[in-house]
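One structure below.
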Amino acid sequence: MSHFLDDRRTLSRRTMLRAGGVSLALPFLDAMRPRKARAAGAIPKRFVVMFTPNGTIHPNWVPSGTETAFTLSPILSPLAAHQSDLVVVDGLYQQGGGGDGHQSGIGGMLTGQVLNPGPFQGGANNGAAGWANGISVDQEIAAHIGGTTPLSSLELGVQVGSADDWGRMIYGGPNQPLIPEENPARAYQRLFATKGESPAQVAFLRARKKSILDAVQDQLRAVSARLGANDRARLDQHATALRDIEARLDAQAMPSMSCADPGAPALPSSLTDNDSFPAIGKLQMDLLAVALACDLTRVASLMWSRSVSLTRFTWLSPAVLDPHHDLSHKPDSDTASQDKLTRINTWYAAQFAYLLDKLAAAQETDGTRLLDNTLLLWSNELGKGNTHSRQSAPYVLAGRAGGALRTGRFLSYTGDLPHNNLLVSLLQAMDVSTTKFGKDDWCTGPLSGLL
Amino acid sequence: MSTTSPGRPRTASGTALAWWVMAVGLGACSSGGGGTPKVDSGSPDTDVTPSAGPLCATRDPGPSPLRRLTDAEYAQTVHDLLGGDLLDVSRLPPGERALGFDNNADVISTSDLLVGAYEDLAEQAGGVVAGNLATYVPCSMSSPDAVCAAQFVTDFGGRAWRRPLDAGEQAALAAVFADGATAGGFAEGISRVTAVMMASPQFLYRGEPGAGPTADLAGAVALSPYELATRLSYLIWGTMPDAALFDAAANGRLATQADLARQTRRMLNDSRAHAVVSAFHAQWLGLDKLQGLDKDAVVYPTFTPALAAAFAQETNRFVDEVVWNREGTLAALLTAPYTFGDATLAAFYGLPAPTGGGFGLIQTGGTQRAGLLTQGAFLSVYGKANQSDPVHRGRFVRERLFCTTPPPPPQNIIIRPPDLDPRLTTRQRFDQHTIDPACSGCHELLDPIGFGFEHYDGIGRWRDMEGGQPVDGTGALSRTDVDGDFDGAVQLAGKLAQSTELQVCYATQWFRFGYGRGETDADACSLHDLATAFVAAKGDVRELVVALTQTDAFRYRRAGDLQ
């Protein structure tokens, strides 16, 4: 086996194959490290979304002060060390439609679209609804910048639960929700896969996979030809996913200096136990950060629980024993509940801060921080939990997007500007040239003053 | 099966079933002003009002959206195909849930994560087959060649794709084998061709091109015998057809309603039917939520994962016993004075432990416990983390048992579950609903039913006292065909067991589960036939499954859906 290590080195990053299949990723280690620093211009941009549920307590969330001289709120206080990396955006109206308030909020949050008709029944005045009617902003970005990495995007979740409107926020297109991976061990397996295959074995497995994928594509075409338009559309989605998997067999990653295989995660004893929530979340954030650092993907998302989350924050001090959603419906006058909700949202802010810490600590080949080349969006399906209002939904941006975003700012908008405008600006910051996103009449262009 | 005898010409029904009328009847409570911000209960429970469309006027098979194997069907099919649990099916992501069920074809979606998992599992299957050639490809022992591979494709492919392969498919798979054999020998060829069969849409999906127009129903396409065999096997067994069913398809013995009924009765006598009936009831009752169900350990220290698992096992065994060994009826599911449990569960209920140790039959006496709605599984799923939940228990009865959707809360009010107060009973704390006129209009539809469960706390434990005061478990049913007062859930269940509307709703739930979709206006005749058969059979669950195979929705599909 003495020749093996040498061969592995010569393989370099090219052999980091998509792990979704037989998991062909080669060992990471030194073979994965770039031989020399690339020019600064070659550092890729990344995009990350983090979701937390059930609205916020706006008075305790909104900073005070001016655009460049502001004081963070109690809820955002855990982000103090990163204040210069943030843009806090207040005063936008989060568009959405169809189903109940939570449902339309989560469906429109990243798509800027309505929910289509469908059978998901909430407690709504508007009746039942289906999936969202458009692509989400992260997937639009992935379509532009995700083409060269082993995964075009990475969707992670923490105790998301049932596969329905309230548990899906990422969409590859109309009626195409993407599934978050909730098990850190599986996420790790998908990212880092098997190690130690010989180059010959890797080539053999890749050829096998290509052969299988090609033949299955042929069968999809043959079966589709005998079915009606609606059924064909379903199989087209399947075929698209297969093509995506096949195209990425040859993906080439450009890892940063801080890329290192973290090893298989040590899972908590139960993935479903309420009290495992923080531990699972930390593992997922660690994986998300290393996936970016290793350039396994350039677009990622993390979904904490789900819309109408019933998580109980037993680990806070003092413990919050009420289910989050029950608390979120307490009236403004209930100060004890407002305090609990403030502490819940503060805890989520601390998780966002942890993620920023990880990205700040990761060094690119040009010496910049991974965070400097990343754009993060932390958002919520609601503004206010007890009324389901989506006015002044809480948006926090972070990272400099390779210089496209000026950070250390607090922007306060008036007039219920649609959040679609924010989504347009995020696209522009990620070098996607557009002035519209989502439902056309909800979008009036980029968000003035952001970029 | 009085209404669906083979060949009987059907015309518009003159029988106005009360349930259609009733379905519209609840929409009357007020809601506040329009516009945002919107307010609602925020609960993701899924259920809809049955279509209040026309009575059976025009026969129509309704839509037949493309179905994909559910995770459970995939696992069982792979088990049957390979002869064991040989693949890591746990890596499939959870399937979509709508209307309570995991097989709704209208909301299936596809992503890289799912398709990647299918690909991996298909390659795993290839490895299993190639690693056991003597078992799976017997001819390879004497002549490992292309002829043997073609035989394997015919045999294995015919089962995996649930119909004989056509010449084009045979040729395509022969080419896959040949490429693999060139790259790595006979076993590699078999491995790849197996993987292709298992990753192809013919295996993963239930495409139904049909067998052409039928003289029985204009605008409809008859399903092919193999498509019907597949519908039967997944409806009744949740897995691929067996040899007898393939044989019936091959020999034209699935052509008539009588043929389908005969096969169904045969299949219902096979224990494979038990898993599907169990799955229906678990999903109908929402019992999948027991997995990982979260309770406040301070309020309910005795609620453990082990207790939740015992609850699930109890209800499962109970449904099995009622449907397969005893009364067989919906009424018995609601009222039977027995259940199953071990000594721990019996103690939880305050009942004598079953004889013989382990999990066994327990006589409940029928005073505190009788039927599904008095079991720990239902009561803890429909209980809050720290208290009982009369609103959602009442809503369950309206939505899942009567198939009616109560109107949502009015806008611009703040909904708040009352705080725990050690001096008051839950009922007293929820009285705000009936004091405040903004709430009372709708909550009068929910709370008087839900209060009937107040003798059971948030994990289903019996209580006579709460907050130092006696529990009041009286309640009332309104706007149903069994209206009236009752005292406690056992009496409530007794009234529910008399309800024709409830039988009709139960049949509608089976329609959704059995056909993998919500009902539409166009399904009025199929639903009418189904409900009428079930009522005529005095609520016999097995007869309802037979009736599911007799409808236009089951036997045909719309010609327009193939364009």
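The values are calculated or read from the model by the stated rules, or taken from the named source; none is laboratory data. Remember, predicted model here, so these are calculated numbers, not experimental data. Note: ideal-geometry Cβ built from the backbone for every residue, glycine included; neighbour counts use all protein chains shown. To get the accessible areas, we keep the full protein, side chains included, count just its heavy atoms, and leave off ligands, DNA and RNA. Shrake-Rupley method; radii C 1.70, N 1.55, O 1.52, S 1.80 Å.
Within region B:311-333, one or more residues are over 25 Å from B:Asn103 (Cα atoms) and in contact with a Gly (Cβ under 6 Å, 6 or more places away or on another chain). Scanning region A:173-200 for residues that are in contact (Cβ under 8 Å) with a residue 60 or more places away in the chain and either crowded, with 21+ Cβ neighbours inside 10 Å or at the interface with another protein chain (Cβ under 8 Å from one of its Cβ atoms) (or both) yields A:Gln176, A:Pro180, A:Glu182, A:Pro184, A:Ala187, A:Tyr188, A:Arg190, A:Leu191, A:Phe192, A:Ala193, A:Glu197. When region B:89-110 is filtered for residues that are under 20 Å from A:Ala241 (Cβ atoms) and more than 9 Å from every other protein chain (Cβ to nearest Cβ), the ones remaining, listed by number, are B:Val89, B:Leu92.
Scanning region A:311-334 for residues that are aromatic (Phe, Trp, Tyr) and either without any contact (Cβ under 8 Å) to a residue 12 or more places away in the chain or open to solvent by less than 20 Å² (accessible area, probe 1.4 Å) (or both) turns up just one, A:Phe313. Among the residues of region B:205-222, at least one is closer than 24 Å to B:Asp120 by Cα, of a type outside the set (Lys, Arg) and either at the interface with chain A (Cβ under 10 Å from one of its Cβ atoms) or not in a helix (DSSP H, G or I) (or both). So, in region B:526-551, of the ones that are open to solvent by 10 Å² or more (accessible area, probe 1.4 Å) and touching a strand residue (DSSP E or B) at 6+ places or on another chain (Cβ under 7 Å), which residue ends up farthest from B:Leu55 (Cα to Cα)? Applying the filter and picking the extreme gives B:Asp540.
Looking for whichever is of a type outside the set (Val, Ile, Thr), over 21 Å from the mean Cα position of the chain (by Cα), surrounded by fewer than 18 Cβ atoms within 10 Å (Cβ to Cβ) and within 14 Å of chain A (Cβ to nearest Cβ) here; the options are B:Pro337, B:Pro305. Which one fits?
Of B:Pro337, B:Pro305, the one residue that is of a type outside the set (Val, Ile, Thr), over 21 Å from the mean Cα position of the chain (by Cα), surrounded by fewer than 18 Cβ atoms within 10 Å (Cβ to Cβ) and within 14 Å of chain A (Cβ to nearest Cβ) is B:Pro305.
The residues on offer are B:Phe451, B:Phe430, B:Phe486, and the sole one that is surrounded by 21 or more Cβ atoms within 10 Å (Cβ to Cβ) and over 27 Å from A:Asp334 (Cβ atoms) is B:Phe486. Within region A:154-169, restricting attention to residues that are at the interface with chain B (Cβ under 9 Å from one of its Cβ atoms) and in contact with a Ser or Thr (Cβ under 6 Å, 6 or more places away or on another chain), which residue is surrounded by the fewest Cβ atoms within 10 Å (Cβ to Cβ)? My answer is A:Gln159.
Inspect all residues belonging to region B:93-111 and state whether any of them is of a type in the set (Val, Ile, Thr), modelled with pLDDT of 95 or more and not in a helix (DSSP H, G or I). No, that holds for no residue. Is region B:205-219 home to any residue that is of a type in the set (A, V, I, L, M) and within 18 Å of B:Leu548 (Cβ to Cβ)? Within region B:205-219, one or more residues are of a type in the set (A, V, I, L, M) and within 18 Å of B:Leu548 (Cβ to Cβ). Taking first residues from region B:323-348 that are in contact (Cβ under 8 Å) with a residue 60 or more places away in the chain and partners that are among the polar types (S, T, N, Q) and open to solvent by 40 Å² or more (accessible area, probe 1.4 Å), the Cβ contacts under 9 Å between residues at least 6 apart in sequence or on separate chains come to B:Ala331/B:Gln498; B:Phe348/B:Thr302. Contact map, region A:289-310: residues that are closer than 14 Å to A:Val49 by Cα and among the basic types (Lys, Arg) paired with residues that are open to solvent by less than 10 Å² (accessible area, probe 1.4 Å) and part of a strand (DSSP E or B), Cβ distance under 8 Å, separation 6+ or inter-chain. Pairs shown: A:Arg298/A:Arg46; A:Arg298/A:Phe47.
One line per residue, one yes/no per condition, for (1) open to solvent by less than 40 Å² (accessible area, probe 1.4 Å); (2) part of a loop (DSSP other than H, G, I, E, B):
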position: B:Phe348; (1), (2): yes, no
position: B:Pro352; (1), (2): no, yes
position: B:Gly366; (1), (2): yes, yes
position: B:Leu379; (1), (2): yes, no
position: B:Gly383; (1), (2): yes, yes
position: B:Ser388; (1), (2): yes, yes
position: B:Arg395; (1), (2): yes, no
position: B:Arg398; (1), (2): yes, no
position: B:Thr404; (1), (2): yes, yes
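Note on region B:133-166: residues that are over 15 Å from B:Gly189 (Cβ atoms), open to solvent by 30 Å² or more (accessible area, probe 1.4 Å) and part of a loop (DSSP other than H, G, I, E, B) amount to 4. Here A:Glu67 meets each of (1) at pLDDT below 90; (2) part of a loop (DSSP other than H, G, I, E, B); (3) open to solvent by 10 Å² or more (accessible area, probe 1.4 Å) with one exception, condition (1). If you scan region A:292-332, which residues turn out to be at the interface with another protein chain (Cβ under 9 Å from one of its Cβ atoms), touching a Gly at 6+ places or on another chain (Cβ under 6 Å) and of a type in the set (Lys, Arg)? If the condition is that a residue be at the interface with another protein chain (Cβ under 9 Å from one of its Cβ atoms), touching a Gly at 6+ places or on another chain (Cβ under 6 Å) and of a type in the set (Lys, Arg), then A:Arg306 is the only one that fits.
Going by the conditions given, is B:Gly210 surrounded by fewer than 21 Cβ atoms within 10 Å (Cβ to Cβ) and either touching a Ser or Thr at 6+ places or on another chain (Cβ under 7 Å) or among the aliphatic types (A, V, I, L, M) (or both)? Considered against the rule, which asks whether it is surrounded by fewer than 21 Cβ atoms within 10 Å (Cβ to Cβ) and either touching a Ser or Thr at 6+ places or on another chain (Cβ under 7 Å) or among the aliphatic types (A, V, I, L, M) (or both), B:Gly210 comes out as no.
For region B:262-277, the set of residues classified as open to solvent by less than 20 Å² (accessible area, probe 1.4 Å) and under 16 Å from B:Arg317 (Cα atoms) consists of B:Ala273, B:Val276, B:Val277, listed by residue number. Just to verify a result, which residue in region A:83-118, among those that are surrounded by fewer than 24 Cβ atoms within 10 Å (Cβ to Cβ) and part of a loop (DSSP other than H, G, I, E, B), is nearest to the other protein chains (Cβ to nearest Cβ)? Only one residue tops the list, namely A:Gly118. The lone criterion from (1) more than 14 Å from every other protein chain (Cβ to nearest Cβ); (2) open to solvent by 30 Å² or more (accessible area, probe 1.4 Å); (3) of a type outside the set (Lys, Arg) left unmet by A:Leu287 is number (2).
Considering only residues that are assigned to a loop (DSSP other than H, G, I, E, B) and within 7 Å of another protein chain (Cβ to nearest Cβ), look in region A:208-245 and name the one that is surrounded by the fewest Cβ atoms within 10 Å (Cβ to Cβ). Checked region A:208-245; the qualifying residue surrounded by the fewest Cβ atoms within 10 Å (Cβ to Cβ) is A:Arg226. Residues that are small (Gly, Ala, Ser) and more than 20 Å from A:Leu377 (Cβ to Cβ) were ranked within region A:120-153; the one that is nearest to the other protein chains (Cβ to nearest Cβ) is A:Gly123. Testing A:Gly367 on (1) of a type in the set (Gly, Ala, Ser); (2) open to solvent by 30 Å² or more (accessible area, probe 1.4 Å); (3) part of a helix (DSSP H, G or I), one condition comes back false. Which one is that? All conditions pass for A:Gly367, except number (3). Please determine, by comparing only the residues of region A:408-451 that are crowded, with 18+ Cβ neighbours inside 10 Å and hydroxyl-bearing (Ser, Thr, Tyr), which one is nearest to A:Lys45 (Cα to Cα). Only one residue fits best here, namely A:Ser425. Considering the conditions (1) more than 12 Å from every other protein chain (Cβ to nearest Cβ); (2) without any contact (Cβ under 8 Å) to a residue 12 or more places away in the chain, B:Val115 is excluded by exactly one of them, (1).
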